[in-house]
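Engineer: Take this structure first; my questions come after.
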Amino acid sequence: MGASDDGSSDDARLKTIVELCVKAENAPDAEPERALDAMRAVLKHSETTFESSTLSSTDFARCGKMINGLRKRHADARVRDAAAAVKKAWTDMILANAGVGEKKEQKVASKAEKATEGDKGGEEAHGTDARTDVKSRLTRTADAARDRTREIFADALAMCIADGAVEASNAGKLAAIADQIEEAMTAKWPEGGKDYKAKVRQLAFNMRDPKNPDLRTNLAMGEISADVLIDLTPEELGSNERRQANEKIREFAEWEAVRGQQQEASTDAFKCGKCKQRKCTYYQLQTRSADEPMTTFVTCVNCGNRWKFC
Ligand SMILES: [Zn+2]
């Protein structure tokens, strides 16, 4: 069955998956085999990845929601395991999709670089010079560990020169920024310790990330201050592609979480923008602070379209 599935279009495959998910959701608890067979079939249909547009479609999110529900709440452990396997496959697809986008862009960029710039050896030597130059301009503290941290940040910021985002004559400015970041960290964690070290690792990883030149460039340009930097979340630090993938995964979780908590009410007060019918269920939730209006989550019973508004 798998071979012929690979040839079928995304639309047909997703339509089958929607039907299987509905089947699994509606299977009576007394017949867990039916839900199990459906989930195993969904897993089989998930062996090849989907197009990017399919991964961001309403139907995909709707299935994600149903699969999440089975994973968490089904009475039979085998069904929960099968649903967990599907969820993992889908999460991997979303992440790989984000990764593929990055690789394509990088390939194009490196080709363009080769066409316009000189030999690679010269470029690498330039990078080493820049790092040495920035590090030599750091302000030393009386503490070897703090100096080491400053060097790590200086190394990362010097990449802006190799990136071509900052002129080599700005080495002193980059060193001052590395000093400021470490200064802000010591102000927040005066004893150093575990949190300080973890933050050094997290910041260095993201500042050096070849897929995330924006972070170090924004730091070099003064668009992100040291105080703001050290309080950014992992998502805010990460590259755009990674952020978008995380948002999609969170979106599943949001719909899943609210559905679990809320009693849905039927109404004809809302018209579905997709199928134009007025058969909807909705629930309201305080998603932000208490003095702001509730968010209303609407699901069209007819076509599964979902939307929310404040
Ligand atoms: Zn509809």
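The values are calculated or read from the model by the stated rules, or taken from the named source; none is laboratory data. Owing to the predicted nature of the structure, the values given are computational and were not obtained by experimental measurement. Here the Cβ is made from the backbone with ideal geometry for all residues, glycine too, and neighbour counts use every protein chain on show. The protein model used for the area step is the full one, side chains on, heavy atoms only, and it has no ligands, DNA or RNA in it. Shrake-Rupley method; radii C 1.70, N 1.55, O 1.52, S 1.80 Å.
Engineer: Among the residues in segment 239-262, are any loosely packed, with under 13 Cβ neighbours inside 10 Å, modelled with pLDDT of 75 or more, of a type in the set (Gly, Ala, Ser) and over 30 Å from MET185 (Cα atoms)?
Structural biologist: No - not one qualifying residue is present in segment 239-262.
Engineer: Within segment 186-238, how many residues turn out to be in contact with a helix residue (DSSP H, G or I) (Cβ under 7 Å, 6 or more places away or on another chain), among the basic types (Lys, Arg) and under 20 Å from THR141 (Cα atoms)?
Structural biologist: Residues flagged as in contact with a helix residue (DSSP H, G or I) (Cβ under 7 Å, 6 or more places away or on another chain), among the basic types (Lys, Arg) and under 20 Å from THR141 (Cα atoms) within segment 186-238 amount to 1.
Engineer: Given segment 194-237, what helices (runs of 4 or more DSSP H) lie entirely inside it while holding 3 or more residues that are open to solvent by less than 20 Å² (accessible area, probe 1.4 Å)? So that I can check it myself, show each step before the final result.
Structural biologist: Values: elements: 213-220, 226-229, 234-237.
Correct list: 213-220.
Engineer: I'm checking my understanding of the structure. Among residues of segment 61-76 that are among the small types (Gly, Ala, Ser) and part of a helix (DSSP H, G or I), which one is farthest from the chain's Cα centre (by Cα)?
Structural biologist: Ranking the qualifying residues of segment 61-76, first place goes to GLY69.
Engineer: Still on this structure: Consider only pairs whose beta carbons are under 6 Å apart and that are at least six residues apart or on different chains; among these, list those whose first residue lies in segment 156-180 and is within 19 Å of LEU203 (Cα to Cα) and in the same structural domain as PRO213 (by TED's automatic domain parsing) and whose second residue is open to solvent by 10 Å² or more (accessible area, probe 1.4 Å) and charged (D, E, K, R).
Structural biologist: Close Cβ pairs satisfying both conditions: ALA156/ARG208; ALA158/ARG131; ALA175/ARG137.
Engineer: Is one or more of the residues making up segment 154-165 small (Gly, Ala, Ser), touching a Gly at 6+ places or on another chain (Cβ under 8 Å) and open to solvent by less than 60 Å² (accessible area, probe 1.4 Å)?
Structural biologist: Yes: one or more hits.
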